[in-house]
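S.K.: My questions all concern the structure below.
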Amino acid sequence: MSLHIAAKKGEIAETVLLPGDPLRAKWIAETFLEDPICYNEIRGMLGYTGIYGGKRVSVQGSGMGIPSSLIYCHELITAYGVKNLIRVGTAGSYQKEVKIRDIVLAMAASTTSSINHSKFKHANYAPTASFELFMKAVQYAKDHQIPITAGNVLSSDVFYADDPESYKLWAAYNVLCVEMEAAGLYTLAAKHGVRALAILTISDSLVTGKGASPEERETGFSEMVRIAMGTL
Ligand code: HPA
């Protein structure tokens, strides 16, 4: 067991899906996995391992924001030997063409977080997705006619911005949407030589001010999980 994860060695698969919400982890495990076993309840941050399409896979809640999610990702990599980390989460659209329920693959993640700014002595590091996972996800979406968009996203440190117009600068540089974890995940994965990808469903739009209905959230989430499982 590690500090925040109660699983014994070998109880977590090499590929882990990472929703922020632990109850989403439970829902994914119960909806998509055969024989799911809950290996973690510490802090209510549920984690499960089960079988999908004959392959072992785990789902671990990671909390909101880079600091929380990196605690879980660090322990998954260093204590449990996890090799593929796939974030499945929601994001707010920055572009009018990127609509509610659209699925965005984060090729790269810009950030307002200072994690890399201090690490790289005020130079800028470019956190990028694993090419291998990215290509597998694209291929799966293509084969199953699930429309996707891909590009740069913003991993923000704040959900409630002081200035509601501040997104426009990122939007002008073709950042597609905002979430709160991918830049940290990609940097950590690079450090440890493992693979990471963030697959996002648009749950709200900063351009239109609209949000997804509960049904839209659920369907969007299912498609995103199917793409994530398609990389197995
Ligand atoms: N900001 C940050 N993260 C998000 C948002 C948002 O507007 N929507 C969904 N995740």
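The values are calculated or read from the model by the stated rules, or taken from the named source; none is laboratory data. The structure displayed is predicted, hence computed values, not measured ones. Counting neighbours? That spans all protein chains shown, and the Cβs are built from the backbone with ideal geometry, glycine included. Protein only, heavy atoms only, side chains kept; ligands, DNA and RNA dropped before computing areas. Shrake-Rupley method; radii C 1.70, N 1.55, O 1.52, S 1.80 Å.
S.K.: With a 1.4 Å probe and every protein chain kept in, tell me what percent of the accessible surface of the chain is carbon plus sulfur. Don't skip to the end; give the middle numbers.
M.R.: Working: 6200 of 11190 Å².
Heavy-atom surface of the chain belonging to carbon and sulfur, 1.4 Å probe: 55 percent.
S.K.: Viscosity 1.002 mPa s, temperature 20 °C: Stokes-Einstein D of the chain from its Kirkwood Cα radius, in µm² per second?
M.R.: Numbers: Rh = 17.5 Å.
D = 122 µm²/s.
S.K.: Whole angstrom only: what separates the Cα centroid of segment 1-72 from the Cα centroid of segment 191-232?
M.R.: 17
S.K.: Same structure, new question: Using alpha carbons only, how many degrees (0 to 90, rounded to 10) separate the axis of helix 66-80 from the longest principal axis of the chain?
M.R.: 30
S.K.: When DSSP beta bridges are limited to those with both residues in segment 76-155, what percentage is antiparallel, rounded to the nearest 5? Show your work: numbers first, answer last.
M.R.: Details: 1 of 8 bridges.
Antiparallel bridges: around 10 percent, rounded to the nearest 5.
S.K.: Roughly how many Å² is the accessible area per residue of segment 44-149, as a whole number, for a 1.4 Å probe? Show your work: numbers first, answer last.
M.R.: Numbers: 4930 Å² over 106 residues.
Ligands and nucleic acids excluded, the result is 47 Å² per residue.
S.K.: Still on this structure, I have one more. Assign one of three labels to segment 85-212, namely rounded, prolate or oblate, based on the Cα gyration tensor with a ≥ b ≥ c the square roots of its eigenvalues; rounded applies when a/c is under 1.5, prolate when it is not and a/b is larger than b/c, and oblate otherwise. Working shown, then result.
M.R.: Numbers: a/c = 2.09, a/b = 1.03, b/c = 2.03.
It is oblate, given that a/c is not under 1.5 and a/b is not larger than b/c.
S.K.: Okay, next question. Out of Tyr39, Gly81, Asn116, whose Cα points farthest toward the positive end of the dipole of the chain (charges: +1 Lys, Arg; -1 Asp, Glu; placed on Cβ)?
M.R.: Gly81
S.K.: When DSSP beta bridges are limited to those with both residues in the chain, what percentage is antiparallel, rounded to the nearest 5?
M.R.: Details: 18 of 43 bridges.
Around 40 percent of the beta bridges assigned by DSSP in the chain are antiparallel ones.
S.K.: Given the -39500 (n - 2.57) contribution per DSSP H run of 4+ residues, what per-residue ellipticity at 222 nm results for the chain, rounded to the nearest 500 deg cm²/dmol?
M.R.: On the way: 7 runs with 78 residues, N = 232.
That comes out to -10000 deg cm²/dmol.
S.K.: Where a ≥ b ≥ c are the square roots of the eigenvalues of the C-alpha gyration tensor, would you call segment 93-162 rounded, which needs a/c under 1.5, or, failing that, prolate if a/b is larger than b/c, or oblate? Can you show the working numbers first?
M.R.: On the way: a/c = 3.65, a/b = 1.53, b/c = 2.39.
Oblate shape, in that a/c is at least 1.5 and b/c is the bigger or equal ratio.
S.K.: Answer rounded, prolate or oblate for segment 135-206, using the Cα gyration tensor with square roots of eigenvalues a ≥ b ≥ c: rounded when a/c is under 1.5, else prolate when a/b is larger than b/c, else oblate.
M.R.: Numbers: a/c = 2.46, a/b = 1.33, b/c = 1.85.
Because a/c hits 1.5 or more and a/b fails to exceed b/c, segment 135-206 counts as oblate.
S.K.: Using modelled amide H (1.01 Å from N, peptide plane; none on Pro or chain starts), what sits under 5 Å from the amide H of Asn40, excluding residues fewer than 5 places away?
M.R.: Gly47
S.K.: Report, in degrees rounded to the nearest 10, the 0 to 90 angle that the Cα long axis of helix 214-230 makes with the longest principal axis of the chain.
M.R.: Helix 214-230 sits at roughly 60 degrees to that axis.
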